[in-house]
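Structure first, commentary second.
The values are calculated or read from the model by the stated rules, or taken from the named source; none is laboratory data. All of these numbers come straight from a predicted model, not from anything done at the bench. Virtual Cβ from ideal backbone geometry, glycine too; neighbours counted across all protein chains shown. Surface areas here come from the heavy atoms of the whole protein model, side chains and all, with no ligands, DNA or RNA. Shrake-Rupley method; radii C 1.70, N 1.55, O 1.52, S 1.80 Å.
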Protein chains: 2
Amino acid sequence: MSLTADAADRPTLYKRIRADIEKRILTGEWPPGHRIPFEHELVARYGCSRMTVNKALSELAQADLIERRRRAGSFVRRPQHQSAVLKIADIRAEITALGRSYGYELIGRKLRAATAADRDRLGVKKAGKVVAIACRHSADNVPFAVEDRLIDLSSVPNAATADFSREPPGSWLLHHVPSTEAEHTISAIVADDRTAEALDIAVGAPCLVIDRYTWRSARTITAVRLLYPGDSHRLVARFKGG
Amino acid sequence: MSLTADAADRPTLYKRIRADIEKRILTGEWPPGHRIPFEHELVARYGCSRMTVNKALSELAQADLIERRRRAGSFVRRPQHQSAVLKIADIRAEITALGRSYGYELIGRKLRAATAADRDRLGVKKAGKVVAIACRHSADNVPFAVEDRLIDLSSVPNAATADFSREPPGSWLLHHVPSTEAEHTISAIVADDRTAEALDIAVGAPCLVIDRYTWRSARTITAVRLLYPGDSHRLVARFKGG
DNA sequence: TTGACTTATATGTCTAGACATATAATCGTA
DNA sequence: TACGATTATATGTCTAGACATATAAGTCAA
């Protein structure tokens, strides 16, 4: 009765159930640890089948807002201790998203047998060939970031002949290597002579550093270090809920 | 037949379907844009009901791995342009997770009517009272981060009388204010005299800066700036899939 | 008190249907 | 050719059941 009669064009039922519960959690009405009603109670309250409330609760569980325990019930999870999520975008996308013009410039490219330092950076043990690339990204013709990259040719042989003078290696890899996993490390340094010159900032000025290490099913692909002027560049992360 | 007879103790069917598809996407066998089999085809292939394959596909859609379009089918989504997720943990948790001892020290606390600068920092227009707190976190008795925080008392009146000499304001807020939203900005600066002294580093040394602005349903709660020694502290972000 | 066994129950998964709905494709018409 | 109406179809949601399974709680004996 409540389904078609007075529903008008509200969201679907399971979404409304999910939103109802989410709201109570987010407002603190149901604090962490609180047991939310059993499925059969929600079935009675909303006058629907169990599959419908189950779908709502499953999605809340997937979003880590609640924890479900057999025989015991479903419980509001305690917040993940002020954790947040930061999106590190592709540089070109980042710049164009700001409505600025993107510029790219290859500084240097070398093909060589991996040195001990290279192997260390890539986290591989065996010797092999690598491409080392240095390049610069700019926004509205102002240096935006300098990139220092190593690509493992044993994983990406095509990279040996790729033309990085026009296409940034990041974009190239994105289009030539299927989905990968990556680990980022963010830190801060002060600019040395070379960095200062490349970024057109003062020696000793602060720089934000992003080190990204990328692999694909246990095979190292690439290691890259990005340097941004620390006072002008900012990474923004938003966090919502639980 | 295939369910109980030869299944042994493999994962449940819908999970297996989801994993099968996910694998093909991640290995590149089904590249971005590829149309994955229709539900009724998967029903035939796995010999199950449509609800089962629907559950698998719905979860893949929720994870942004595929896009579902009515009448057209389900398609592999193109990767989210090298975006990543970074967890910014609570400092105490961060330190104890590293197996180091956590130390906390209140440097200063002031209750005052909000100055123009305070209001700007909190993003509020009306005048009101605020608490300004300066404190320091340490790991194994070595300075780990200095914190400079502003709490809006019109949103959190209790904070006026809270004892921040033993409990860090971050933990206190976590326990006294229900779920909030936050925005983080990460940048780099060089240490000035005061910062250098507080962190026991050299003047001019690089520092990682996290500015966090927290609100709750359109009400500002707190604004905090955390300064970390840039060469020793690192934020690590992992990225998987897509 | 402790440990082993039993039972009750909430969640987990699944089915074989149903109708709703957005939209790609087709067809007819101006 | 271009546009508007129609149709076919894949997904979206939902039902009223079913059995599986982990486990909290109760029971009983050592």
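Does the range B:224-238 hold any residues that are within 14 Å of B:L86 (Cβ to Cβ) and under 16 Å from the mean Cα position of the chain (by Cα), and which are they?
Those that are within 14 Å of B:L86 (Cβ to Cβ) and under 16 Å from the mean Cα position of the chain (by Cα): B:R234, B:L235, B:V236, B:A237, B:R238.
Give B:R212, B:R194 a once-over and let me know the one that is open to solvent by 20 Å² or more (accessible area, probe 1.4 Å) and under 23 Å from A:I88 (Cα atoms).
Within the list B:R212, B:R194, the selection yields B:R212.
(1) open to solvent by 70 Å² or more (accessible area, probe 1.4 Å); (2) modelled with pLDDT of 95 or more; (3) assigned to a helix (DSSP H, G or I): which one isn't true of A:D163, the others all being true?
(3) is the only condition that A:D163 fails.
Tell me, which helices (runs of 4 or more DSSP H) lie completely within the range B:48-136 with 3 or more residues that are away from DNA strand D (no atom under 11 Å from the Cβ) and out of contact with any Asp or Glu (no Cβ under 6 Å at 6 or more places or on another chain)?
B:91-97, B:116-122
Consider only pairs whose beta carbons are under 7 Å apart and that are at least six residues apart or on different chains; among these, list those whose first residue lies in the range B:54-75 and is under 17 Å from A:E59 (Cα atoms) and in the same structural domain as B:R18 (by TED's automatic domain parsing) and whose second residue is within 9 Å of DNA strand C (Cβ to nearest atom) and open to solvent by 40 Å² or more (accessible area, probe 1.4 Å).
Once the first residue is under 17 Å from A:E59 (Cα atoms) and in the same structural domain as B:R18 (by TED's automatic domain parsing) and sits in the range B:54-75, its partners that are within 9 Å of DNA strand C (Cβ to nearest atom) and open to solvent by 40 Å² or more (accessible area, probe 1.4 Å) give B:K55/B:Y14; B:A56/B:Y14.
Quick one: A:V177 ticks every box in (1) within 14 Å of another protein chain (Cβ to nearest Cβ); (2) modelled with pLDDT of 95 or more; (3) open to solvent by 10 Å² or more (accessible area, probe 1.4 Å) bar one, so which box is it?
(2)
Against the definition (surrounded by fewer than 22 Cβ atoms within 10 Å (Cβ to Cβ), modelled with pLDDT of 95 or more, in the same structural domain as A:S232 (by TED's automatic domain parsing) and within 16 Å of A:A93 (Cα to Cα)), how does A:H137 come out, yes or no?
Spelling it out, A:H137 is indeed surrounded by fewer than 22 Cβ atoms within 10 Å (Cβ to Cβ), modelled with pLDDT of 95 or more, in the same structural domain as A:S232 (by TED's automatic domain parsing) and within 16 Å of A:A93 (Cα to Cα).
Have a look at A:I186, A:I151 and point out the one that is more than 28 Å from B:I88 (Cα to Cα) and open to solvent by less than 30 Å² (accessible area, probe 1.4 Å).
Answer to the selection: A:I151.
Kindly establish whether B:E41 is modelled with pLDDT of 95 or more, of a type in the set (D, E), under 25 Å from A:L174 (Cβ atoms) and surrounded by 12 or more Cβ atoms within 10 Å (Cβ to Cβ).
The answer is no for B:E41.
Quick check on B:T185: is it more than 7 Å from chain A (Cβ to nearest Cβ) and either free of Cβ contacts under 8 Å to residues at least 24 places away in the same chain or touching a strand residue (DSSP E or B) at 6+ places or on another chain (Cβ under 9 Å) (or both)?
no
Condition check ((1) at the interface with chain B (Cβ under 7 Å from one of its Cβ atoms); (2) among the hydrophobic types (A, V, I, L, M, F, W, C)) across all residues:
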| position | (1), (2) |
| --- | --- |
| A:D193 | no, no |
| A:E197 | no, no |
| A:S217 | no, no |
| A:G230 | yes, no |
| A:R234 | yes, no |
| A:A237 | yes, yes |
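I'd like to verify a number: residues in the range A:7-63 that are more than 14 Å from every other protein chain (Cβ to nearest Cβ), within 14 Å of DNA strand C (Cβ to nearest atom) and within 29 Å of the chain's Cα centre (by Cα), how many?
Selection size over the range A:7-63: 0.
Answer yes if at least one residue in the range A:205-222 is under 30 Å from B:P32 (Cα atoms), assigned to a loop (DSSP other than H, G, I, E, B) and assigned by TED's automatic domain parsing to the domain that holds A:C135, and no otherwise.
yes
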